[in-house]
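Have a look at the structure below, then the notes.
The values are calculated or read from the model by the stated rules, or taken from the named source; none is laboratory data. Since we're looking at a predicted model, the values are computed, not measured. We place every Cβ from the backbone using ideal geometry, glycine too, and count neighbours over all the protein chains shown. Heads up: the accessible areas ignore ligands, DNA and RNA and are worked out on the full protein's heavy atoms, side chains in. Shrake-Rupley method; radii C 1.70, N 1.55, O 1.52, S 1.80 Å.
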Amino acid sequence: MNTITQTLRSPFRGPGGLTKRIIPCLDVKDGRTVKGVNFVDLRDAGDPVELAWNYSQQGADELVFLDITATVERRKTMVELVKAVARQINIPFTIGGGINEIADADALLNAGADKISINSAAVRNPALIDELAKAFGVQFVVIAVDTRLIDGKNIVHLNGGRLPTEKETLDWILEAESRGAGEILLTSMDHDGTKAGFDNYLLKQVNNAVNIPVIASGGAGSVQHFVDVFEQSNVDAALAASVFHYGEILIPDLKRVLKQHNIEVREV
């Protein structure tokens, strides 16, 4: 992506600094968007390129695509998806899933992605964060963290939330920031897909501890949940999937309510 395009797609600023961002997330499996509860029981949610275009028209600020297909052909498939999405939309988008080395990130960024997201690969090889930040710049590197409460502690999980690690969530996030993460995408596995609201306590704790943007993920079920997460944790962005995919929340309506609560958002 050239510098001019990158500048055009940079995060939106409003009065008083960065506006809060609304980010639909598309989990992609075998070229289709899917959604489940607590990362299981997946069902089809439509064509990712079509959905991306619809969201850009609705006023989404960014998009996140997470490839959950474990195939050898992954990189080629995702590069084609990135090219197709980049042709259709003019808002920033992030690609995650299966990025294990510089070459993976390079292929996706060259195809038109604005940022790349890494999760398990970063936990297994933390130096990868340093390498990516050095190669592409901090602003391109999003660290996705899947966390679950175990014995009263928030613990980092891998493999789509199935494999607990020995890392405490806040410790790992602080390490990721020190290595060059430009943004944290924090998903509460306990809340994901439940539509019971975001984990505002944890999000506030993390947001207060870091100097980089935090994206809240996991648990959105109503417009009020977005109001709550911004008011209670002051995160930079909130991400959701099924409530957007199935039309339960429309982004223009959501933004109108956020503005009524004096939460600064980009105009639709």
Selection from the range 225-241 of residues of a type outside the set (D, E) and surrounded by fewer than 20 Cβ atoms within 10 Å (Cβ to Cβ) yields V227, Q232, N234
When both residues are 6+ apart or on different chains and their Cβ atoms are under 7 Å apart, which pairs have a first residue that lies in the range 172-197 and is within 19 Å of Y246 (Cα to Cα), and a second that is of a type in the set (D, E, K, R) and crowded, with 21+ Cβ neighbours inside 10 Å? H191/D199
I need a count of the residues in the range 103-113 that are open to solvent by less than 40 Å² (accessible area, probe 1.4 Å) and either in a helix (DSSP H, G or I) or more than 19 Å from I68 (Cα to Cα) (or both). 7
Tell me, yes or no, whether the range 123-130 has at least one residue that is over 30 Å from N54 (Cβ atoms), assigned to a loop (DSSP other than H, G, I, E, B) and free of Cβ contacts under 8 Å to residues at least 60 places away in the same chain. yes
Within the bounds of the range 67-88, is there any residue that is in a helix (DSSP H, G or I), closer than 29 Å to V268 by Cβ and of a type in the set (S, T, N, Q)? yes
So which residues in the range 136-171 are in contact (Cβ under 8 Å) with a residue 24 or more places away in the chain, outside any strand (DSSP E or B) and open to solvent by 60 Å² or more (accessible area, probe 1.4 Å), if there are any at all? V138, Q139, N159, R162
Test for K204: is it of a type outside the set (A, V, I, L, M, F, W, C), at pLDDT 95 or above, under 30 Å from A84 (Cα atoms) and not in a strand (DSSP E or B): no
Which listed residue, of E166, E183, is modelled with pLDDT of 95 or more and under 28 Å from N262 (Cβ atoms): E183
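If I ask for residues that are of a type in the set (S, T, Y), over 20 Å from K134 (Cβ atoms) and out of contact with any Ser or Thr (no Cβ under 7 Å at 6 or more places or on another chain), which ones from the range 149-182 would you list?
Across the range 149-182, the qualifying residue is only T165.
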From the list I91, I95, pick out the single residue that is β-branched (V, I, T), closer than 14 Å to C25 by Cβ and surrounded by fewer than 23 Cβ atoms within 10 Å (Cβ to Cβ). I91
Just a yes or no: is a residue in the range 253-267 within 17 Å of the chain's Cα centre (by Cα) and either surrounded by fewer than 19 Cβ atoms within 10 Å (Cβ to Cβ) or in a helix (DSSP H, G or I) (or both)? no
Of the residues F244, F226, which is part of a helix (DSSP H, G or I), among the hydrophobic types (A, V, I, L, M, F, W, C), at pLDDT below 95 and more than 15 Å from I173 (Cβ to Cβ)? F244
